[in-house]
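**Q** For reference, the structure I am asking about is given below.
Read-outs: derived from the displayed coordinates by stated rules, not from any lab. If you're wondering where the values come from, they're calculated on a predicted model, not measured in any experiment. Counting neighbours? That spans all protein chains shown, and the Cβs are built from the backbone with ideal geometry, glycine included.
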Amino acid sequence: MGSELLRGFRMLDLADDRGALCGKIFADLGADVIKVEPPEGCPTRRMPPFLDDIPEPDRGLHFIAYQAGKRSVTLNLGSLDGRALLEDLVRKSDFLLESFPVGYMDSIGLGYERLAELNPRLIYTSVTPFGDKGPGKNYKAYDIVSWASGGPMFLMGEPGKPPLEMSVPQAGLHAGAEAASRRCWRITRARSKGAGSTWWWTCRPASRGR
């Protein structure tokens with residue numbers, strides 16, 4: 001039997017691989033996590049390896065592992081109907097997790113300020129490569145970039161030879177795990193003061209163990 005620590009809470013999970021573990025932790029702790037996917041499905045459905053080496057959307061092992069325990073809904077954020085559906089879900093939820101490029105949610109009218117009007121107690125989390133401020137906020141980054149810019153790659157490899165990449169992409173997993181712990185901490189504030197919050201969590205600091 002799974003944990004019921006977060007039973008009664010609902011999270012909307014719009015994240016890709018950078019935030020998947022955050023939603024998985026919440027699901028494991030008993031929260032009702034709804035995976036919100038675009039019409040073509042979450043990109044992580046197409047990440048190898050695949051079960052029995054059959055590359056189909058429902059056989060990606062990454063998706064199976066990190067989306068387990070979640071419910072799923074498909075909507076198109078590029079359409080008025082899709083955005084209206086998300087707004088309806090926000091009214092009934094406690095958390096929203098996303099990993100879009102900085103400014104995307106604002107550009108479609110679904111940034112934190114708008115969603116907080118619909119649900120003042122919403123706890124909003126965005127996982128990005130380099131946060132929402134500073135010269136690197138719009139940079140894109142693969143896992144190796146997060147590890148290299150964060151510093152841990154300096155410790156990997158042999159003396160006198162170039163640093164080595166982590167064998168399995170992990171920066172997003174670290175960011176997702178740390179985002180989950182921070183969101184749990186924010187529950188108390190939201191419940192006691194009736195106010196939500198927004199939080200930007202970056203893969204780069206997470207890769208440094210901060």
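**Q** Neighbour counts of other C-beta atoms within 10 Å: give me His62, His174 arranged from fewest to most. Mind dumping the intermediate values first?
**A** Numbers: His62 17, His174 23.
Arranged by neighbour count, lowest to highest, His62, His174 become His62, His174.
**Q** Enter the angle in degrees (range 0 to 90, nearest 10) between the Cα long axis of helix 80-91 and the first principal axis of the Cα atoms of the chain, meaning the one along which they spread out most.
**A** The answer is roughly 80 degrees.
**Q** Please give the contour-minus-distance gain from Met156 to Leu118: 0.36 nm per residue of separation, less the Cα-Cα distance, rounded to one decimal in nm. All intermediate terms of the calculation are to be shown ahead of the outcome.
**A** Values: separation 38, 0.36 × 38 = 13.68 nm, distance 4.68 nm.
Between Met156 and Leu118, full extension yields 9.0 nm more.
**Q** Now, a different point. Calculate, in whole percent, how much of the Cα-Cα pair population of the chain lies beyond 29 Å.
**A** Numbers: 5556 of 21945 pairs.
In whole percent, the long-distance tail amounts to 25.
**Q** Still on this structure, please answer the following. Build a GNM of the chain with springs between Cα atoms under 10 Å: which of Thr44, Thr74, Thr128 gets the top mean-square fluctuation?
**A** For the chain, modelled as a Gaussian network with Cα springs under 10 Å, the answer is Thr74.
**Q** How high is the relative contact order of the chain, given as a whole-number percent (alpha carbon pairs under 8 Å, six or more residues apart)? Each step should come with its number before you reach the end.
**A** Working: 386 pairs, mean separation 47.2, N = 210.
Value for the chain: 22 percent.
**Q** Sort Val73, Val168, Val145, Val36 by Cβ crowding within 10 Å, fewest neighbours at the top. Don't jump to the answer; show the numbers that get you there.
**A** Values: Val73 12, Val168 7, Val145 18, Val36 23.
The order, fewest Cβ neighbours first, is Val168, Val73, Val145, Val36.
**Q** Please state the relative contact order of segment 10-71 as a whole percent: Cα pairs under 8 Å, 6+ residues apart?
**A** Details: 87 pairs, mean separation 22.0, N = 62.
Relative contact order for segment 10-71 comes out at 35 percent.
**Q** Let me ask another. In the chain, what percentage of the DSSP-assigned beta bridges are antiparallel, given to the nearest 5? Before the final figure, lay out the partial values.
**A** Details: 1 of 22 bridges.
Taking every DSSP beta bridge within the chain, about 5 percent pair in antiparallel fashion.
**Q** Measuring from centroid to centroid over Cα atoms, what is the spacing of segment 22-92 and segment 107-176 in Å?
**A** The two parts, judged by their Cα centres, are 20 Å apart.
**Q** Assign one of three labels to segment 1-95, namely rounded, prolate or oblate, based on the Cα gyration tensor with a ≥ b ≥ c the square roots of its eigenvalues; rounded applies when a/c is under 1.5, prolate when it is not and a/b is larger than b/c, and oblate otherwise. Kindly include the intermediate steps, with their values, before the conclusion.
**A** Numbers: a/c = 2.65, a/b = 1.14, b/c = 2.31.
Judged from the Cα gyration tensor, segment 1-95 comes out oblate (a/c at least 1.5, b/c at or above a/b).
**Q** Under unit Cβ charges (Lys, Arg +1; Asp, Glu -1), what dipole magnitude, rounded to 20 debye, does the chain have relative to its Cα centre? Could the numbers behind the result be given before it?
**A** On the way: 28 positive and 25 negative charges, 186 e Å.
Once rounded to the nearest 20, the dipole reads 900 debye.
**Q** Can you tell me the orientation of helix 171-193 relative to the chain, as the angle in degrees between its alpha-carbon axis and the longest Cα principal axis, to the nearest 10?
**A** Once rounded, the angle reads 30 degrees.
**Q** With the crude spin-label approximation of a point 7 Å out along Cα→Cβ, what separation in nm comes out for Tyr104 versus Leu164?
**A** Output for this residue pair reads 3.3 nm.
**Q** Would you calculate the separation in nanometres between label points at Asp132 and Met47, each defined as 7 Å from the Cα along the Cα-to-beta-carbon direction?
**A** Roughly 2.3 nm, to one decimal.
**Q** Please report the net charge: other residues with Cβ closer than 15 Å to the Cβ of Gly2, K and R +1, D and E -1.
**A** On the way: positive: Arg7, Lys24, Lys70, Arg71; negative: Glu4, Asp28, Asp32.
Local net charge: +1.
**Q** What net charge is computed for the residues neighbouring Gly69, neighbours being all others with C-beta under 15 Å from the C-beta of Gly69, Lys and Arg scored +1, Asp and Glu -1?
**A** After counting each charged neighbour, the total is +2.
**Q** For a footprinting-style exposure proxy, rank Cys22, Cys42, Cys184 by other Cβ within 10 Å, fewest first. Write out the running numbers ahead of the final one.
**A** On the way: Cys22 31, Cys42 23, Cys184 18.
Exposure proxy ranking, most exposed first: Cys184, Cys42, Cys22.
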